[in-house]
1. Please provide three numbers in whole Å: the alpha-carbon extents of region 205-303 along the principal axes, with the largest listed first.
2. Quick one: helix 170-181 against the long Cα principal axis of the chain, what's the angle to the nearest 10°, folded into 0 to 90?
3. What is the spin-label model distance, in nm, from Ser192 to Ala338 if the labels are put 7 Å beyond Cα along the C-beta direction?
4. May I ask for the Rg/Rh ratio of the chain, computed from Cα atoms with Rh as the Kirkwood radius, given to two decimals?
5. Once you've got the GNM for the chain with C-alpha springs shorter than 10 Å, pick whichever of Phe322, Phe206, Phe393 has the biggest mean-square fluctuation.
6. Calculated from DSSP H runs of 4 or more alone, at -39500 (n - 2.57) each and per residue, what is the 222 nm mean residue ellipticity of the chain, nearest 500?
7. Could you give me the ³J(HN,Hα) list for region 298-307, computed from phi with Karplus coefficients 6.51, -1.76, 1.60 and θ = phi - 60°, whole Hz, x at Gly and Pro?
8. Determine the gain in length on full extension of the stretch Met1-Val299; use 0.36 nm per residue of separation and subtract their C-alpha separation, reporting nm with one decimal.
Amino acid sequence: MGSWRVSRTRAPSAPQTLLVPGDKSISHRAAMLATLALGESEIVNFLPGSDCLATIGALEKLGGRMTWLARDRLLVRGGQQLRSPGQPLDCGNSGTAMRLLAGLMAGQNVAAQLHGDDSLSRRPMHRVVDPLSRMGARIEALGQDGCPPLRIDPGEGLRGISFAPPVPSAQVKSAILLAGLGARGETSVRESTPTRDHTERMLPSFGVSLERANGSVSLAGRQPLRAARINVPGDFSSAAFLLLAGVIGQVEVRTDSVGINPGRTGFLQAMERMGAGIRILARRQAGAEPVADLVAAPVALRGARLPASLVPSAIDEMPAVFAAAACARGQTVIQGAAELRVKESDRIAAMAAGLRALGVECQETPDGARINGGSVRGGEVDAQGDHRIAMAFSILALAAKGPVTVKGVELVDTSFPGFTKVARSLGLSFESIG
Ligand code: S3P
């Protein structure tokens, strides 16, 4: 297991402008849709992190032909009938890869088994197995209590359904829409709480027509997909850790060309409630997605009661919110965040344990935590192999009174290749300690 000791060095003397890698969610979807689309698609600023590379590996085994034009630029020749790979597909640490591929493959009527690492093997899959079965897919979760591996067998072909996911989940919504592409009739997904809508935004670029109204999205199955060029914006979730550094550190931080899809930016509202106004500059459209340059400046944070309604649009940034709360004077209440318990780790438990190890009073609740912040000391925390927990505690070292040793950091490249290099430019040093 990898560990590093993170220490504060001299703060940079000037504001820092940083580029964040491409968006993970959008990269997964672009590769999958390009594999279905007839012709040559080009994906620019693709995220070459291990999660998205797992998707690429699986798509190649299903018959997608991938050529790397650069480390973050991918040419996909798609449109062939997908083939059953005859070997298990490894989704690594990625819930998005497993759930979205399950939908895509069920719709294309291929047979395959999907498996993942220890963390992914503990994550619930009934949320996609149940609706896909209703569509007529022959899909089964082979692990305990509906966990991976997943087995998909060819069936009679899918039929569209009308589905309302019981938990707000863009992965579930997207899995059903991807399955719907191969189904007879219409598929529609109705959400009571909006989640990131990258799939719905991207499908028309590949020539798919769909309808969106009042929280639902509907598409007719068996429409031909045609190749597209997709420019992937910077990943808001990666930017959030750097913006956190701007807020709790010594120097202003600016991240350029970052996606600001409204289903992703709840972190900005959380910071606002805690007293940090992160500025949104040069709002513009990059293809189907809104992007902007974001600027965060050091400020004294104050605790706040964060509404549950904010959580779905900040779901991946909640570790950064916990870290901010540790620095804020007064109490921060996080609620309505039970989904965090079934992410790459139990993120409520992992953040609460780590904060307590750094001397911060933090009481776990079933769906969140109460954090009394203000003073953070050095110490040792366990990221439990979860990339976002590793980044949250590493950045928190900027505000800690001593070095923070973070165990279980080996998967940090999952979403943010080069994280330590960027974090060094913010005044942190990383000493690998095995
Ligand atoms: C994702 C959706 C979210 C998020 C994950 C990526 C996606 O998961 O946490 O990192 O790409 O659709 P849920 O949809 O399960 O909330």
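1. So the extents along the principal axes, rounded to whole Å, are 54, 28, 19.
2. 20
3. The two pseudo-label positions are separated by 1.2 nm.
4. Working: Rg = 21.0 Å, Rh = 21.8 Å.
Rounded to two decimals, Rg/Rh equals 0.97.
5. Between Phe322, Phe206, Phe393, it is Phe206 that shows the largest mean-square fluctuation.
6. Values: 12 runs with 123 residues, N = 434.
Here the helix-only value at 222 nm equals -8500 deg cm²/dmol.
7. In residue order, the calculated couplings are x, 7, 7, 7, 10, x, 8, 8, 8, x Hz.
8. Numbers: separation 298, 0.36 × 298 = 107.28 nm, distance 3.51 nm.
Here the answer is 103.8 nm.
Only the coordinates and a few stated rules stand behind these numbers; no lab work does. A quick note: this is a predicted structure, and the numbers were derived from the prediction, not measured. Neighbour counts run over all protein chains shown; Cβ positions are idealised from the backbone, glycine included.
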